[in-house]
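Okay, structure first, notes after.
Bear in mind that the values in this text are calculations on the coordinates, not laboratory data. Keep in mind that this is a model prediction, so the values were computed, not measured. So basically every Cβ, Gly included, is an ideal-geometry build from the backbone, and we count neighbours across all protein chains shown.
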Amino acid sequence: MKKLIFLFFAFISLSASAQYVINRPIANKIVYGSNPVFVQSAKIMFTADGDFRTETNWNTIDQNITNASLTNSAGTLTAWKITVPSSNDWDIDGYPSNVGSGDFSVMALSKVVYNYGSGTSKTITFSSLNAAKVYKLRIAALYYDDPTGDDKTNITVNGVTKQLLMAVANTPYIVEFDGLTGTTISFTVSGAGSAIYPMISAAILEEYTP
């Protein structure tokens, strides 16, 4: 009987619904100890073409950046670095939508950056991480206009690909990658299928003691 009660409440807990559209396959679920300890996080909103939005404790990152230092969500400079390669196809679009989602603020989701052209991709790298820690990476996008199949975006980390569906206007789409380790973590943004506008708005990197 105790086992049945335990399984019932475990099922209820796992079934709690999210407040945003999320793609999180179990195969990439993070493995923690019994009491994982949150250490810090860094929030990044991506930009281009001189659009330098600013928000307290968010890092505003353009392309053609090598080893830029990141500030954490408490406003403290970390050892973490981010590199975003340059691309003539990197562009920005969007209007204030007054839509946020959890840790992703309205400002962070007010614009998208994208590469134009079928087959284009961009790989963004975090470095100087702590090899003894475990990381979670969340990536979000929101587009104000009626999305089409041209906007579906693949995000790939360590050979695992998840998709930002971009199916409904003014809707935050978020993917998570858990259980990431190592001193560098990279993610690649590319069009899903024949999509020619792969886009992202923001990312949050979280550090835990396993």
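Where does each of 50-63, 122-135 land if you order them by average Cβ count within 10 Å, highest first?
Highest mean packing first, the order is 122-135, 50-63.
Please list the equivalent ellipsoid semi-axes of region 20-209, computed as the square roots of five times the alpha-carbon gyration tensor eigenvalues, in descending order and whole angstrom.
Computed over region 20-209, the values are 24, 18, 16 Å.
So, by mean Cβ neighbours within 10 angstrom, what's the order for 177-189, 197-209 with the highest one leading?
Peptide ranking by packing, descending: 197-209, 177-189.
Using 1/(1 + (r/R0)^6) with R0 = 22 angstrom and r between the beta carbons of residue 54 and residue 168, what's the FRET efficiency to the nearest 0.05?
Efficiency for this residue pair is about 0.20.
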